[in-house]
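Asker: Pasting in a structure now, in structure tokens, and then I'll have a few things to ask.
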Amino acid sequence: MHLMIRKSLSFLLCLTGLAIARAAERPNIVFILADDLGYGEIGAYGQEMISTPALDRLAKEGMRFTRFYAGSSVCAPSRSVLMTGQHVGHTRVRGNAGGDRSEAQTLQPEDVTVARVLRDAGYTTGLIGKWGLGSDTNAGEPKKQGFDYYFGFLSQTHAHNHYPDFLWRNGQRVSLPNDIVRIGKSEGTGYSRSRLAYANDLFFVEAEKFLENHRDGPFFLYLALTTPHANNERARELGDGNEVPAEEYADYADRPWNTSQKGHAAMITRMDRQIGQLLAKLKELGLDGKTIVMFSSDNGPHREGGPNYTPEFFRASGPLRGIKRDLYEGGIREPMIVRWPGQVAADAVSDHVAYFGDMMATWAELAGATLPAHTDSLSFMPTLLREKSQPLHEYLYWELYERGFSQALLLDGRWKAKAPVQLFDLQNDLSEQTNVAARYPELVARARGLFVSARTDNQYWKFNQTNISAP
């Protein structure tokens, strides 16, 4: 009897030891999200005019995905997909609602975010940068959605201004010395005449502090930058919304480009340099091998920098058709780089099809957390670890509420359908130039069915039945 008890105790201690070992092996997670960065705007994805050495090195040291998708082609719904692991036909926030409909752009208490999942699994969770899914006075406030700490912009329109006069830290305003010309009804929007404190610089300072303060881990840091998004209000008033500190133009001083073009390139290069410094900080703190770093963007490239800026100048979408607010590939296919020394192979390239919604399952698996019910999320950990058991999506789904209601599907990783049904064979027509719907009636019928069945209405975001009528 005593022998049996000793064996049972030994077995339990063994299990406990394994659990502790697994917990100790759980990596820190750093997710860096650019704002309006196109598929082709960094060197690792073919950019030749803008310098991005840190991100190019990150790709060399990790895995570069060639078929990774944002949650939407505009920011708020894309971030809602990221946070909830539900595609845009199921997630709470499905569009940029605007100030008059802020409740339609607010996560609710019943929404389960990845921050909440990771916090419940023992991670310290931090948001630094742009939120866009709730304010300090409602249920979407980050601390109510699973973040232990946050610093930055709550409102996406406030986040247009790279030189704001205040930011938020855990529900408290942090005043900044920038002198603001206010434009519009939304609080904090406009542009600065003094341009003293650049928001993204402050984000990287806060990010390094977060690493230092939580070096014992495990932690989840969501670093949601606002570059290279333009200041829309400044672009309308002064003609140039690509805001960046003046010294950054030096990298492009000898280029025969206009100021808006130089400013856009300088925003990306400054972001890249600061990402390199953050990665160096991880090494300095001894966290390099204990931290998985991921980099992506929320949607395709903008043309909001002013009349003298177009994304075509830099071939910002690479070989893809479309930009921000398009459901063609250029509006939703994004860079995705993953680096985890000793775990993810260096200089690797993957054509696995994944999207923002898959971050929920991937991060839950990394953390040993329980995946919530009702997600549209598949972990791509098998791809990262070069295993053969990678589950695949039958389809990916998007809908958009700007310029009318529109929908798109990716079927079997190959066929792109847009309503009313256009069908493109991405395997042979990456730039979506030839509509092959007439050749594949069975795929068209399947797409029509999914345009209805893949989604459900919520209180604020409704399906438009006429959108799937025959072309």
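The values are calculated or read from the model by the stated rules, or taken from the named source; none is laboratory data. None of these values were measured; they are calculated from a predicted model. Neighbour counts run over all protein chains shown; Cβ positions are idealised from the backbone, glycine included. What goes into the accessible areas is simple: the full protein's heavy atoms, side chains included, and nothing from ligands, DNA or RNA. Shrake-Rupley method; radii C 1.70, N 1.55, O 1.52, S 1.80 Å.
Asker: Tally Lys/Arg at +1 and Asp/Glu at -1 over every other residue whose Cβ is under 10 Å from the Cβ of His229; what's the total?
Answerer: Combined, the nearby Lys, Arg, Asp and Glu give -3.
Asker: Oh, and also: What area, in nm² and to one decimal, does the C-alpha convex hull of the stretch 292-376 cast on average over all directions?
Answerer: 7.6 nm²
Asker: Sequence-distant or interchain residues sharing an amide H contact under 5 Å with Ser297, placed H: which?
Answerer: Ala34
Asker: Rounded to the nearest 20 Debye, what is the dipole magnitude of the stretch 294-363 about its Cα centre when Lys and Arg each give +1 and Asp and Glu each give -1 at the C-beta?
Answerer: For the stretch 294-363, the charge dipole is close to 160 debye.
Asker: Looking at Asn170, Pro441, Met63, which one has the Cα that reaches farthest to the positive end of the dipole of the chain (charges on Cβ: Lys, Arg +1; Asp, Glu -1)?
Answerer: Most positive-ward Cα: Pro441.
Asker: Would you mind working out the accessible area per residue for the stretch 137-183, using a 1.4 Å probe, and quoting it in Å²?
Answerer: 36 Å²
Asker: Now a separate question. Given the convex hull over the Cα atoms of the chain, what projected area results after averaging over all orientations, in nm²?
Answerer: Average projection, Cα convex hull of the chain: 24.8 nm².
Asker: Oh, and also: By average Cβ neighbour count within 10 Å, what is the ranking of 371-379, 170-178 from highest down?
Answerer: 371-379, 170-178
Asker: Same structure, new question: Tell me whether the stretch 87-245 comes out rounded, prolate or oblate; compute the Cα gyration tensor, take square roots of the eigenvalues as a ≥ b ≥ c, and use a/c under 1.5 as the rounded threshold.
Answerer: In terms of gyration-tensor shape, oblate.
Asker: Indicate the gyration tensor shape class of the stretch 85-159 (rounded, prolate or oblate), computed on the Cα atoms with a ≥ b ≥ c the square roots of the eigenvalues: a/c under 1.5 is rounded; otherwise a/b larger than b/c is prolate and the rest oblate.
Answerer: It is oblate, given that a/c is not under 1.5 and a/b is not larger than b/c.
Asker: If I require 15 Å or longer along the helix axis, counting alpha carbons, and a Kyte-Doolittle average no lower than -0.5, what helices from the chain are left? Use full DSSP H segments.
Answerer: Result, helices passing both filters: 2-25, 199-213, 441-453.
Asker: Please name which of Phe356, Leu366, Ala34 has its Cα lying farthest along the dipole of the chain towards the positive end, using unit charges on Cβ (Lys, Arg +1; Asp, Glu -1) and the Cα centre as origin.
Answerer: Farthest along the dipole direction, towards plus: Leu366.
Asker: A follow-up question, please. Rounded to the nearest 500, what is the chain's calculated 222 nm mean residue ellipticity when only DSSP H runs of at least 4 contribute -39500 (n - 2.57) each, over all residues?
Answerer: -8500 deg cm²/dmol
Asker: Further, regarding this structure: Where the accessible area of the stretch 67-124 is counted over protein heavy atoms with a 1.4 Å probe, how much of it, in %, is carbon and sulfur?
Answerer: About 42 percent, which is the carbon plus sulfur part of the accessible surface.
Asker: Are any of the pairs Lys418/Lys462; Lys60/Lys416; Lys60/Lys290 more than 23 Å apart by Cα-Cα distance, and if so, which?
Answerer: Going by Cα-Cα distance, Lys60/Lys416 fall outside the 23 Å limit.
Asker: Take every Cα pair under 8 Å in the chain that's 6+ residues apart, average their separations, divide by the length, and report that relative contact order as a whole percent.
Answerer: Rounded, it is 23 percent for the chain.
Asker: Go ahead and run the numbers for FRET between Ala139 and Val452, Cβ-Cβ distance against an R0 of 25 Å, rounding to 0.05.
Answerer: Efficiency computed from Cβ-Cβ geometry: 0.25.
Asker: Next question. Taking the dipole about the Cα centre of the chain, with the C-beta of Lys and Arg at +1 and of Asp and Glu at -1, give me whichever of Tyr309, Ser379, Asn96 is farthest to the positive side.
Answerer: Ser379
Asker: Under a Cβ-only charge scheme (Lys and Arg +1, Asp and Glu -1), can you give me the dipole magnitude of the chain about the Cα centre, in debye to the nearest 20?
Answerer: Its charge dipole is roughly 780 debye.
Asker: Also, quick follow-up: Can you give the accessible area of Asp120, probe radius 1.4 Å, in Å² rounded to 10?
Answerer: 120 Å²
Asker: Let me ask something else. Suppose every Lys and Arg Cβ carries +1 and every Asp and Glu Cβ carries -1, with no other charges. What dipole size does the stretch 335-471 come out with about its Cα centre, to the nearest 20 debye?
Answerer: Its charge dipole is roughly 240 debye.
Asker: On full extension of the chain, what length is gained from Leu238 through Ser175, given 0.36 nm per residue of separation minus the C-alpha to C-alpha distance?
Answerer: Computed gain between Leu238 and Ser175 is 20.2 nm.
Asker: What is the gain in length, in nm to one decimal, between Glu394 and Glu103 on full extension, counting 0.36 nm per residue of separation less the C-alpha to C-alpha distance?
Answerer: Extra length from Glu394 to Glu103 when fully extended: 101.5 nm.
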